[in-house]
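Colleague: Mind looking over this structure? Questions follow.
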Amino acid sequence: MFPALEERLGWVSLGRFPTSVDPLNTLGARIGARSLWIKRDDRTARVFGGCKVRKLEWTLGEALRRGRKRILTMGSVGSLHVLATAVHAQRHDLVVEAVQYPRPITDYVRRTMQAIEGQDIRIVWCPQRILAPLLVGWQYARNWSWAAEARSEYIPAGGSNPRGALGYVEAALELKAQIDRAESPAPAAIFVPVATGGTMAGLLAGCRIAGLQTRVIGVRVVPADNCRSVRIRNLANGALRLLRRAGMERNVPRIQSEDVAIVEAPTSTAYGVPTAPGVESVALMADTERITLDSTFTGKAMSAMLRRLVVDAELREEPVLFWHTYTPPRGQQMQRAQADIGVQNVPAGYRQFRDQGMSVSAVSDH
């Protein structure tokens, strides 16, 4: 759509696109939804997919454009963003350093932690989440006096900055092309999980560019203080500003606060704590469509969408799209001998938390 931007923005190919838009006929029939669809971003890459791949194409691409050799990022233990960054950065000989902080440990979080430990990554342990930005700042400032190519390129938690959001601007344009090819109806609403906000922000900006009259509804799965609507608005407008500065000539109106529609996940937005509706939605998708969701992001987002469809008769008659963002760690990422876990580049505080940290197996209903 904007070929002049190609040489003005850093980008690297990591994924396999477009991802398909598939009908959820069995689930739709069960809840009485006339036209229910899913965007399969769980299939974005052969090595390790999910929503992070689209963002990393732009954030790692910018690091490579600037000649960087090191990546600094952050995320909770079991962060899929940290895992995806490590997996895909290694493909381009980039060294990854990740500040990690505590979160409740579910079975899937523990599996992701093991996969992260299997990568060529340096973990910096931070015992409290609130201190993580300070530690990131210290790590970043520590090498600022080095030569430019030796400095770290910082990628924030979730890959959510205006540049990372470009991945989902592109995703919205991809969806528009699929609609034009009659592979999918134009959705009246898109439901997507919201944590750090970059995915929703990119979809908002991309739908605006594509001319889609689709309402993007974010399901917040973190406490409200961690991701407010103003952050998503600013990320979306930051992405549009990047495109304009790079030469996009189309006049696209700014995203306003009223354009950011956020609903809370049913019963709880405590990050990482499973909820009864979320766990039920994970089981329902596995039973009806043989699709894997997770209890932190997509299960909670699915539960919010289903609740909305049950109470909103008009929406049940419209095309509705669920944007699937989760890929479980598997295959090569899990192939590491148990005896080796925690030996290389894993600090003592991290090992202690991994072995003794708060495990969550019971479901929170509040």
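The values are calculated or read from the model by the stated rules, or taken from the named source; none is laboratory data. Just so you know, these numbers come straight off a predicted model, no measurement behind them. All Cβ positions, even for glycine, are placed from backbone atoms using ideal geometry, and neighbour counts span all protein chains on display.
Colleague: Considering segment 148-190 alone, what residues qualify as being surrounded by fewer than 24 Cβ atoms within 10 Å (Cβ to Cβ) and of a type in the set (Phe, Trp, Tyr)?
Modeller: Passing the criteria: only 154.
Colleague: When you go through 171, 165, 201, 182 one by one, which is the residue that is outside any strand (DSSP E or B) and on the phi > 0 side of the Ramachandran plot?
Modeller: Residue meeting the stated conditions: 182.
Colleague: Filter segment 14-28 down to the residues that are within 28 Å of residue 56 (Cα to Cα) and outside any loop (DSSP other than H, G, I, E, B) and list them by number.
Modeller: 21, 22, 23
Colleague: Mind listing just one residue for me: the one in segment 98-114 that is over 13 Å from residue 354 (Cβ atoms) and modelled with pLDDT of 95 or more and, of those, surrounded by the most Cβ atoms within 10 Å (Cβ to Cβ)?
Modeller: The qualifying residue surrounded by the most Cβ atoms within 10 Å (Cβ to Cβ) is 98.
Colleague: Now, a different point. Anything in segment 69-110 that is within 18 Å of the chain's Cα centre (by Cα) and either without any contact (Cβ under 8 Å) to a residue 12 or more places away in the chain or over 19 Å from residue 137 (Cβ atoms) (or both)? List them, or say none.
Modeller: 77, 78, 80, 83, 84, 86, 87, 88, 89, 103, 108, 109
Let's see how each residue does on (1) of a type in the set (Val, Ile, Thr); (2) crowded, with 23+ Cβ neighbours inside 10 Å; (3) in contact with a Pro (Cβ under 9 Å, 6 or more places away or on another chain); (4) over 23 Å from residue 327 (Cα atoms):
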| position | (1), (2), (3), (4) |
| --- | --- |
| 61 | no, no, no, no |
| 69 | no, no, no, yes |
| 72 | no, yes, no, no |
| 84 | no, yes, no, no |
| 93 | no, no, no, yes |
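Colleague: Right, here's the next one. Evaluate the following for residue 177: is it modelled with pLDDT of 95 or more, over 20 Å from residue 301 (Cβ atoms) and part of a helix (DSSP H, G or I)?
Modeller: Spelling it out, residue 177 is indeed modelled with pLDDT of 95 or more, over 20 Å from residue 301 (Cβ atoms) and part of a helix (DSSP H, G or I).
Colleague: Which residue is farthest from residue 152 (Cα to Cα), if the candidates are limited to segment 26-67 and must be in contact with a strand residue (DSSP E or B) (Cβ under 8 Å, 6 or more places away or on another chain) and among the hydroxyl-bearing types (Ser, Thr, Tyr)?
Modeller: Out of the qualifying residues, it is 35.
Here's the yes/no breakdown for (1) over 21 Å from residue 235 (Cβ atoms); (2) surrounded by 15 or more Cβ atoms within 10 Å (Cβ to Cβ):
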| position | (1), (2) |
| --- | --- |
| 2 | no, yes |
| 7 | yes, no |
| 13 | yes, no |
| 21 | yes, yes |
| 24 | yes, yes |
| 35 | yes, yes |
| 47 | yes, yes |
| 55 | no, yes |
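Colleague: Restricting the search to segment 275-306, which residues are buried (at least 17 other Cβ atoms within 10 Å of the Cβ), among the charged types (D, E, K, R) and part of a helix (DSSP H, G or I)?
Modeller: Once the filter is applied, which keeps residues that are buried (at least 17 other Cβ atoms within 10 Å of the Cβ), among the charged types (D, E, K, R) and part of a helix (DSSP H, G or I), segment 275-306 yields 289, 300.
Colleague: Considering only segment 114-122, I want to know if a residue exists there that is outside the structural domain of residue 295 (by TED's automatic domain parsing) and within 19 Å of the chain's Cα centre (by Cα).
Modeller: Yes, segment 114-122 has at least one match.
Colleague: Tell me, which residue of segment 206-257 that is in contact with a Phe, Trp or Tyr (Cβ under 8 Å, 6 or more places away or on another chain), in a helix (DSSP H, G or I) and at pLDDT 95 or above is nearest to residue 9 (Cα to Cα)?
Modeller: 243
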